[in-house]
Amino acid sequence: MRIKSRDDNGCSWVKVLQYPNLHPNQSPKPRPKGSQAPHKTRHLLWRLCRGCLPTRSRLLERRVECTLNCPVCDEEVEDELHIFFRCAVARDSWSAAGLSSVLHNATYQQTNAMDRIFVVCSNESSDTVGRVAMLLCCIWHNRNDKLWNDNVQMPRQIGRHAFDAWNDWYSVHKLQSNNVSGTTEADLVRWKKPALDWVKCNVDVAFASGSGRTSVGLCFHDSSGHFMAGMTQ
């Protein structure tokens with residue numbers, strides 16, 4: 001995408017916007033169905049599918065000098081396919097998370113990680129996709145922890161953490177969904193403006209237990225619901 005403009009001195013310039021992994025004549029792939037997973041894990045999937053994760057092979061493409069070997073196993077070049085699917089630690093983590101059937105499914109053996117993720121998201125249930133997303137997030141976290149802090153987790157720990165984290169999130173998410181769906185219009189507490197010729201004062205108070213200090217805020221509205229005055233102390 002090219003944007004042409006002209007500055008105050010009359011000099012024209014062209015700015016080129018490029019999208020990751022998209023050639024000029026290539027259109028984005030259709031968006032796969034959603035996943036039951038926290039936002040941060042879905043964001044990781046988006047970054048992975050857009051080629052935005054700073055793997056070592058990706059950094060080299062961006063002309064960043066670095067060693068290419070995987071920081072976890074130190075055996076192969078680190079790209080998206082290796083760190084999430086082919087690294088020995090990653091493969092054992094899939095098994096520990098109870099997702100080995102997804103990893104070894106013949107339908108999901110594409111030669112790049114982006115295509116593989118798209119096919120998994122298109123064929124598996126939203127719950128399974130959510131568990132996969134959580135596992136990939138844990139694998140990426142373990143990779144970064146090894147790279148920056150030299151901390152290493154066993155594959156069993158990574159897989160188990162992904163399994164437990166997704167189950168905990170799912171339980172809370174379903175509970176919140178049930179509470180919201182069970183709330184009727186009559187249960188909602190809404191602010192009401194005062195009667196004609198009356199003024200309403202709403203008060204809120206906060207207590208800081210550590211310092212022993214108290215603060216108060218007041219807000220005044222007229223009978224039309226318009227703000228009149230307010231104060232804090």
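Restricting region 32-120 to trypsin sites (Lys or Arg not before Pro) that sit in a DSSP loop and have at most 15 other Cβ atoms within 10 Å of their own Cβ leaves Lys33, Arg50, Arg62, Arg63. Region 58-127 has equivalent-ellipsoid semi-axes of 25, 15, 9 Å, by the square roots of 5 times the alpha carbon gyration tensor eigenvalues, sorted largest first.
Given R0 = 35 Å, the distance between the Cβ atoms of Asn112 and Arg156 translates into a calculated FRET efficiency of 0.80. Using a simple spin-label model with pseudo-atoms 7 Å out from Cα toward Cβ, Met228 and Glu61 lie 6.4 nm apart.
Give me the net charge of Pro71's neighbourhood, meaning all other residues with Cβ under 13 Å from the Cβ of Pro71; Lys, Arg count +1, Asp, Glu -1. Can you show the working numbers first?
Numbers: positive: Arg56, Arg143, Lys146; negative: Asp74, Glu75, Glu76, Glu78, Asp79, Asp145, Asp150.
Net charge around Pro71: -4.
A Cα-only calculation for region 84-225 places Rg and Dmax at 25.4, 75 Å. One decimal place: the segment Asp197-Glu75 gains 36.0 nm when fully extended, by the rule 0.36 nm per residue minus the C-alpha distance.
Loop-located GluC sites (Glu not before Pro) in region 76-114 (DSSP state not H, G, I, E or B) with no more than 16 neighbouring Cβ atoms inside 10 Å: Glu76.
Bear in mind that the values in this text are calculations on the coordinates, not laboratory data. Computed from a predicted structure; not experimentally measured. Methodologically, a virtual Cβ is constructed for each residue, glycine included, from the backbone with ideal geometry; neighbour enumeration extends over all protein chains shown.
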